[in-house]
Amino acid sequence: MNPFLKRATEHLSDPEAFLGLVSPEPAGVYLRPVAEQDALYDRLIMILGTPGSGKTTIARLFTLPVVCALLRHRDAQEHRATLTMLSGCRVTDGVLPTVLGYRVPLEAEYRDLWELPYEDNVKVGLTMALIQARTVLGWLRALANVGADVGTTELQFAQPDSAAVTAIGGPTQTGAKQKAQEVENAVYKTATALVAPALDEIDSATLGAYRPFDVLTKMTCSWDGVNTCALKPLVILDDAHALHPVQFNACKRWLMRRELSVARWLMTRLDALSPADALAPQISALASEQHGVTPRRDFLTIHMQVQSGQPAEGGRNRRKARGDFRRMAQDMGDRYLKTMPVFSRRNRTSLSNLLNMNADFSSESDSTKIEEQVRAFAKRAGIPDSKVEEMRMSVDGYATTDQPDRAVRAQMLLILLNRYIKRRPQGDLFESQVEESRMPTANSGIRASAEIQLLHKVKRPFYFGPKMLFDASGENIEQFLRLAGCLVEVAELNIIRRREIVSLSATIQNKLLRQRATEMLSGWQFPMHSQVRVLVDAMATKCLAKTLEGNAPLDGGANAFGIPQDDYATMFSAHPQFARVVQFAVAHNAISLVPHYQQGGNNREWCLLEICGPAALVHGLTLKRGGFIESSIEQILELVEGHRS
Amino acid sequence: VTLQWDPCVEHRASEAHAFVNRYFAQANRRAVLICAGGFDDRSAAFPVQLAQVMRSRLRVVALREERPAPQQTLVARAEQNIVQIQQACAQSPAIETVEVFGPDNAVVIGRKAIDAIRRVAFDDATDIVVDLSALSIGASFPIVRFLYEGVAKKTGKNLHVILVPSGSGGEPGDRELTGDMSCPHGFQGGLGTDESIDAPKLWVPHLGAGRRNALEIIHRKLEPDEIVPVLPFPCHPPRVGDELLAEFLDEIESAWEVDSRSLLYADDRHPLDLYRSISRLSASRQATFGSIHKSFVILTPLGSKALTLGALMAAMEHNLPVRYVETLSYVPPALSVSPDLDGLTHIWLSGDVYP
C-alpha cells in the first residue's frame, strides 16, 4: 500500500504505528514556540488551518495514548525528534506524561443541538454539557487504555469542598464517570428525539451545574506501580467549524474565560468564521478588544498557513513559512517512504533523491525553432545586430554562473528583445535606440519568465524537483501527500520493474504533478466550489495571458490579482457574496491571501488573491510569489461574469 | 429471527396498481399523501394516479426541498411537476417548503421536514401515504419514522409507502455534495456516544453509480472495522451490478479491503429483500457481540429507492445508525429521471392488516 495515497497518519488507530509515521515538525513549528512562552495550557489556543493542513494529526500527537507509546519507546532513535518536540511542548518530562490530552471531534450532532426549539442559552448549555461530559469520559478512558491504575485515579480540584465538585460526581473516577455518562445520555436523548421534548422535561439544573472544566485542575493516578502521575487535563476540540456560528462564538467565549482550569484548544477551518473573521482578523481583533477580550492575553491564535491577514505566532513571515513547510514536507515524505518495503529494502528513503533535477528538457528542434523566432523578431522590429549581440552576451554572461539550456537562453534573449522594443523611445522606430543605462540585461527573473513561457510554448517541463513539489502543495500537508503520492507510485513501479532505483525525470514529474493536480481540482466538493472554480479559472486565464506577454513584464509571470487594501477592507460589507466565495476559496486551498502587500508608487498597499497549489499547476502558472495583476473587486467581478458567460 | 414486517403486505408492478385502484377507491377511505414537489419527474407520477382514484377524498402535501441557489432549469422542472399535481387534485394541494440547509450550510432538513408534517392535520384521514420516489433521504427517513412511531402506532391509522422506480435505474446525478457526513434526524442509532467509541463497527454501504465521493467521505469518518457493500442483483438494467462492481473495484479490493464473501446482493426492486438481509446481519452481530459489548451495524443507503426503503425499514426496526452525505445542489443537466410506473411498489407499514 502506498501510504501517501491514504493519508496514513489519520487512519492508524494504533499509537505505535502512528508514531512511526508522524512527523514532529508541524507541532514543533506551530506549538513549541507557544509552549516556550508558557502559554500553551493556561488560555484558549485557537488553531486555524485549511482542510488537510494537519490539525488532527497534531491533535493526536498530544493525546495520552500516543504520548505513552512514545515514552515506552523513548530510547528508540527514530522517535528521538518526536520526544524532544513533545518535551519542549511540556507534554512529558521525558519519563512520565504531564498532560492528559483528549481530542473531541465536534461533529454534526453538536451542530444539531442548535436546531432544538429552545432559547440560545439553553442550547449553548446543552452543547457545553455534552462537550464536558464526553471529555471527562475520554480522559478516563484514555487513562484506562494506557494501563494506568484506574482504581487509584483521583480528580484534583482548586476547591475540593464546593458544590460544583459534587455536581460532577466527586473526586473518584467511578463517580465522575457515572455522572458524565448520565449527562451524556440526557443530552443525547434530547438531541436525537424525533420531536424535541418540552423544555420542562429537560433536567436543566443538573446539566447547568455540570461544569468540570471550571473546577478540575489535575488528575492523578498511580503509574507503573511506583510513581504517581499528576496530569494537566487538556481538551482539544477539533472540527469546530461544524458548529453554528452563534454556537461557535458562545463556545469560544466560554473557553476564553480565565476561570477555566483545564487546558483547552479549539481547532477549526476558516469556514467556521465569518468572512471578516477569516480573512481580515486584524479587524476582528480590534472589535474583540472593544468587547473586553484581549487577544494573546485571553486567547492565542495559531494560523497553520500564513495567509490570513496577519503573521502567525512568532511573526513568521511567508518566506519563513514556506521554508518551514519544505522542511516538514521533506521529513514527512521521508518517513512515509521508510514504511514502504520497496524503498526501505534498498535504503532509498529520501524523497528528494527520487526526483531528478537534471535537465532532459528541450529538444534540438525546439531550441532551433525558438532561435529562429529570435532572429525573425529582431529583424521585424529593426533591432540593430550590435544591440542583439549585446543582449545575447548578457544572456551568455548570465549563463556562465547559471546553466540554462539552449532553448531557455534563446527564450531569455527573446524576452530581452521585447523589453528593448518597449524601452525604445517613440518616434523614428528604425533610428532611435535605447540608452545604455536602460538596456535590458539577463537575470534570474528573466530566466524564470523564459522557463514558464517555454512550458506553454514547447511543453518544456517546469514543475520538477523537490522544491517545486513542496511549493506546489500550497503549504498543505494533505495536498503535498497527494501530489507526492503519484510520484512515489511511479518510482515504486520503476524499481519493481528494473530492480534498481531510477529517479523520475523532469518530464515525468511535470506530467504526473499536473495530472494529479487536475484530478484534485475535479474532485472539489466543498460548498460554493462551482463559484470558486469560475473565480480561479477567470483569474488564471488572465494571469496566464500576462505571463506569456513577450516582454514578460512580471518576472516569473503572474499568479495573483491585487486589489487595493482599502477596497479589501470594505469587501465584507460592499460585496458579501464575493467575500464568501473568497473565504471558501481560501479555506479550501484554491487561493491564498496576501494582505498589506506593498508595491508600486508611494508604497501603495495591496491585498493579493494568489492562485496557489494544485490550481496553479493545472493552469501552468508560476509558484513564485509576488507577480500580480493590479485590479479591483469590481474588475474581478466583471472578469468572472465574462468568464461565466 | 422474528421480524416486524415478516410477513409484510406488499404489492409490486401490476398488483400494486390493482391494489391502489381497488383499495383507495373505497368510499370510506380518506387519505393524506405526502410526496415531493421537486424537479425529479417521479414527484408527480403517483400523486396524479392516486388523485384520479380518490378525487376529493385525497389531500396532497408536497414538500419542496429548498437548496441554496438552485439552478433555474431545475426550478422550472419542479414548477411543472407541482402544476401537474395541482391540476390532478380536486382539493388544492399544500405546498410545504423545507429548507435543506441552515444559513451556515449545516444540514437541517430532518427537523424541518418533521415540523412541516406536524402542521398537517391527520384527524379525518383513514390512510397516510408517503411517496418516497422523489424525496431525499434527509427528508424521507425522519418523516416515515415520525409517521410510523408518532402517528400510525398511536392512532391506528394505516401507513403506506409508495415507490416509483426510475426508468433508467439511476438516481439524479450531477450533484455537489456538502463534503461532510450527515445523519438523517432520528437515525443517530447511538453512534457517537461513549459506549460506541471502542465498539466494533460494520458498515453497510449501498454502491450507487457516481457516489464514490460520498462513500469515501463516510468511510474516512466512520473508520469501520468491517464493510459489507450492497450490490443490486437482480437489477434493472441487468448490467448495473457489474458496472458498479467495476466502478468500486479499487475500494472493494484495496481501500476497504472487502472479503469477496462479504458482498451483499439485494433485489433492486424488492425492498423486503434487503430489509431481511440487514435484519439477519444485525441479529447475527447481536448474537456474536451482544454478550460482550455493543456493536454497530451502520447503513448508508445511496442506491436505488427500493434498496433505500429496505434499509429504512431495517433501521427503524433495529434502531440502526444511518449515515449519508447530503446533496448541496444539483447541477444541470441533472439526470432526468423518468418514472417507471410499471415498477410501482407499495408497502403497507402499519394499520388494519397487522394484528
(request) Please give the FRET efficiency for residue B:94 paired with residue B:288, using the beta carbon to beta carbon distance and R0 = 60 Å, rounded to the nearest 0.05. (result) 0.80
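Averaged over all directions, how much area does the convex hull of the C-alpha atoms of segment A:449-489 cover when projected, in nm²? Write out the running numbers ahead of the final one.
Working: hull surface 13.3 nm².
Result: a mean projected hull area of 3.3 nm².
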(message) Would you work out the Kirkwood radius for segment A:40-136? I mean one over the mean of 1/r across all pairs of different Cα atoms, in Å.
(response) 15.8
(request) Just subtract the alpha-carbon distance of residue B:121 and residue B:80 from 0.36 nm times their residue separation and send over the number in nm, one decimal. (result) 12.1 nm
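I'd like the projected area of segment B:43-191, averaged over all directions, using the convex hull of its alpha carbons. Report it in nm² with one decimal. Present the calculation step by step, with values, prior to reporting the outcome.
Working: hull surface 40.5 nm².
Answer in nm², one decimal: 10.1.
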(message) Once you place label points 7 Å from the Cα toward the Cβ at residue A:320 and residue A:350, how far apart are they in nm?
(response) 2.8
(request) For chain A, just the Cα atoms, rotate onto the principal axes and tell me the three extents in Å, largest first. (result) 97, 60, 44
(message) Could you tell me the center-to-center distance, by alpha carbons, between segment A:328-351 and segment B:292-327 in angstrom?
(response) 41
(request) Using Cα centres only, tell me the gap between segment B:28-67 and segment A:131-156 in whole Å. (result) 54
(request) Take every DSSP beta bridge whose two residues both sit in chain A, then give the antiparallel share in percent to the nearest 5. (result) 50
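Whats the longest run of chain B with zero trypsin sites (Lys or Arg not before Pro) that are DSSP loop and have at most 13 other Cβ atoms within 10 Å?
B:120-238
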(message) Could you tell me the calculated FRET efficiency between residue A:163 and residue A:198, based on Cβ-Cβ distance and R0 = 30 angstrom, to the nearest 0.05?
(response) 0.65
(message) Along the Cα→Cβ direction, 7 angstrom out, place labels at residue A:549 and residue A:638. What is the inter-label distance in nm?
(response) 1.7
(message) Can you tell me the mean projection area, over all orientations, of the convex hull of segment A:457-556's alpha carbons? Units nm², please.
(response) 8.1
(message) With the alpha-carbon atoms as the only input, what is the per residue convex hull volume for segment A:509-645 in Å³?
(response) 110
(message) Restricted to Cα positions, what overall size does chain B have along the principal axes? Three whole-Å values, descending.
(response) 55, 48, 41
(request) First measure r as the distance between the Cβ atoms of residue B:197 and residue A:84, then evaluate 1/(1 + (r/R0)^6) with R0 = 25 Å and state the FRET efficiency to the nearest 0.05. (result) 0.20
(request) In whole angstrom, note down how far apart the Cα centers of segment B:220-263 and segment A:609-645 are. (result) 41
(message) Within a 10 angstrom radius of the beta carbon, how do A:203, B:180, A:298 rank from fewest other beta carbons to most?
(response) A:203, A:298, B:180
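Tell me the Kirkwood hydrodynamic radius of segment A:191-244 in angstroms, computed as one over the mean inverse distance between distinct C-alpha pairs. Don't skip to the end; give the middle numbers.
Values: mean 1/r = 0.0647 Å⁻¹.
Every distinct Cα pair counted, the radius reaches 15.5 Å.
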(message) Run the simple label-point estimate for residue B:250 and residue A:467 please: 7 Å along Cα→C-beta, distance reported in nm.
(response) 3.2
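Quickly estimate the mean residue ellipticity at 222 nm for chain A, helices only: each DSSP H run with n ≥ 4 gives -39500 (n - 2.57), and the total goes over all residues, rounded to 500. Walk me through the intermediate numbers first.
Working: 29 runs with 335 residues, N = 645.
Result for chain A: -16000 deg cm²/dmol, rounded to the nearest 500.
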(request) Largest first and to the nearest Å, give the Cα extent of segment A:570-627 along each principal axis. (result) 33, 30, 14
(request) Please report, in cubic angstrom per residue, the volume enclosed by the convex hull of the alpha-carbon atoms of segment A:78-228. (result) 139
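Bear in mind these aren't lab numbers, they're just calculated from the coordinates by the rules spelled out. Please read these numbers as outputs of a predicted model, since none were measured by experiment. Every residue, glycine as well, gets a Cβ built from its backbone with ideal geometry; the counts of neighbours run over all protein chains shown.
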